[in-house]
Amino acid sequence: MVNPYRGEVTLGVDGAPRVMRLTLGALAELEAKLECDSLLEMIARFENGAFRVRDLIGLLTAGLNGGGWRVDEAELIEHRIDGGPLAAAQAAARLLKLTFTLPGDEPDGGQ
């Protein structure tokens, strides 16, 4: 079971729920992968809708690794994301939101 107060989000992969979490290590790997000069630049890329599918795959991979499922991007694209690209993008957006929102500050109460 995921804990939104820890920044955890579920992503369905091949019918199995997988926990995603952006740890500091996962964020550092993602920042380097996306060749961003800062954490703020990386966040802005997603907030402004300037991300590519490759960026989304990188974010999902970082989140899955931070959640304990060690997978690389090449492995992840071989799997089926339950709900397709829209569900993947929604899970990624929620992951970023929970990672950078203080507990209790979410209007939906973490749902």
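Tell me which residues, restricted to region 53-97, are over 17 Å from Thr10 (Cβ atoms) and of a type in the set (Lys, Arg).
Arg54, Arg70, listed by residue number.
Could you please find all residues in region 28-55 being surrounded by fewer than 18 Cβ atoms within 10 Å (Cβ to Cβ), in contact (Cβ under 8 Å) with a residue 24 or more places away in the chain and not acidic (Asp, Glu)?
Lys33, Ile43, Val53
Considering only region 4-21, state which residues are modelled with pLDDT under 95 and of a type outside the set (Phe, Trp, Tyr).
Narrowing region 4-21 to residues modelled with pLDDT under 95: 4-7.
Matches in region 4-21: Pro4, Arg6, Gly7.
Can you pull out every residue in region 56-73 that is within 16 Å of Ala88 (Cβ to Cβ) and free of Cβ contacts under 8 Å to residues at least 12 places away in the same chain?
Val71, the sole residue that qualifies.
The values are calculated or read from the model by the stated rules, or taken from the named source; none is laboratory data. Fair warning: this is a prediction, and the values are worked out from it, not measured in the lab. Cβ sites come from the backbone with ideal geometry, for glycine too, and all protein chains shown count toward neighbours.
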